[in-house]
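Take a look at the structure set out below.
Here, each number is a calculation from the coordinates, and none is a lab measurement. Computed from a predicted structure; not experimentally measured. Methodologically, a virtual Cβ is constructed for each residue, glycine included, from the backbone with ideal geometry; neighbour enumeration extends over all protein chains shown.
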Amino acid sequence: MPFSDIIGHERPKTILQASLRQDRIAHAYLFHGDEGIGKRLVALRFAQALNCESGDGSDACGACRSCMQIEARTHPDFLAVEPDPELANPQIKIEQIRDLEHQIAYQPLVGRKKVFLVNDADRMTLGAANALLKTLEEPPDHSVLLLVSGRPSALPATVRSRCQSLRFMPPARTQVEAALILKREIPPADARLLAAASQSRLGAALTMDLAATRATHDELCAIASPQTLRSVTAILTAAEAFHKSDRGPEVLDWLAQWIRDLLLVCIGADQDHLIHADRLPLLKNAARGAQADQLAGLLDEIDALQRSAGRNLNLHMALETVLLRLREALGASPTTTPAR
C-alpha cells in the first residue's frame, strides 16, 4: 500500500515523501498523536518506502518482496519493537532495546537501510529509554529509528530532542465516514455514528462494535435529554454510575460533542456540520430553551476538565457539575445541588 492509500495525514506524508525524494532521511523520527489514528501505519509505509525494490524512491509499491516482508515482519533489515502483551502493564523492556542495539550495529543485509520501529515508545522502562538514548546519540548512518507514541510527554526529553517530530491529527470526519462505508460496508448513518464515537480515529472506528456503540449513544442521549435533566436525583445517579464503571472520560467526550451540536443548532448553523445529525429532532427539542452563551461556557469548562485529567481530577464530581450546568443551560429548571 502506498502513502496515497492512507486516509488523512497529508502533512506528515508530504514531509516524509520529500525527505525520500531528496535523500535527506533523519536518523530518528517521533510519530506522535492520538491513539488509533494511523501513526503506526504511516511508520510502516515509510519503512517499506525506504527499502522498496520497485517504487520511485518516494513511496512504497506494497507488492515487491521487500514491502511484503516488512508487512509480514520477516524482512532481515526490519525490526518492530512493541510492549510485551503478557504483562499486566505492558512495557518495552531493556532486553528488547539491547536486541535492537545489537542488530543496529550491522550493515543492512539486503536493503538500503536497517529500520527499527518502536511502537508505543512511551511504554519503555526508564532503563530501556536510557539504553535507546545511547543509540540515538551515535546512530549508524545505515539505520533509521521510528518511534511511535500516543503520549510523547511520557518520553524523556533527551529522547524526544534527538528525533524529528511529526505530529499526527485525526483525519476529517467525512474521510473517516467514507472509509468506514467502504471498508466495513455499512450505511452512511452507521458510519457517521462510529466516526463521531471514535472522534475520527479511523483505527478505533474500524474495530468498534456497532451495536454496542449504538446502545451507548442511545443511553447518553437519554441522560442528556431535558426530560432526564429535570431530575437532580437522576443526574446524581447517572454521574455515580458512570464513575463507578470507569466511563467518566468517555462520557465527558460525548457530552462535549453533544453540547457542541446543541450550540450549532442554537445559532442556526448548517446541519452538515453536526456530529449527531441523526438525532436532529432531539437536538432541536433540547435547544428550544437553551442559552447559547452558557453552552459555549460549558464547552470551555469541559475542555479545561479534560486538560487537567492527569492531575487528580475528581471525575465523579466533574460529571455531576457538567450535567447540572447542562440542565441550567437548557432551562430545565434552576440548578440546585442537594446536600451530600
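Okay, helix-only estimate at 222 nm for the chain: each DSSP H run of n ≥ 4 adds -39500 (n - 2.57), divide by all residues, round to 500 deg cm²/dmol; what do you get?
Theoretical 222 nm ellipticity from helices: -15500 deg cm²/dmol.
In degrees from 0 to 90, rounded to the nearest 10, what is the angle of the helix 126-137 Cα long axis to the longest principal axis of the chain?
The two axes meet at around 50 degrees.
Roughly how many nanometres apart are two label points built 7 Å out from the Cα toward the Cβ at Asp246 and Ala63?
4.6
Take the chain, drop everything but the C-alpha atoms, weight them equally and run the Debye formula without solvent; then report log10 I(q)/I(0) at 0.09 Å⁻¹ to two decimals.
Log-scaled intensity ratios, in q order: -0.60.
Report, ordered by chain and residue number, the lysines lying within cross-link reach of Lys39, taken as a straight Cα distance under 24 Å and ignoring same-chain residues fewer than 8 apart.
Lys13, Lys93, Lys113, Lys114, Lys183
If one takes the longest principal axis of the Cα atoms in the chain, at what angle in degrees, from 0 to 90 and to the nearest 10, does the Cα axis of helix 292-307 lie?
That works out to roughly 40 degrees.
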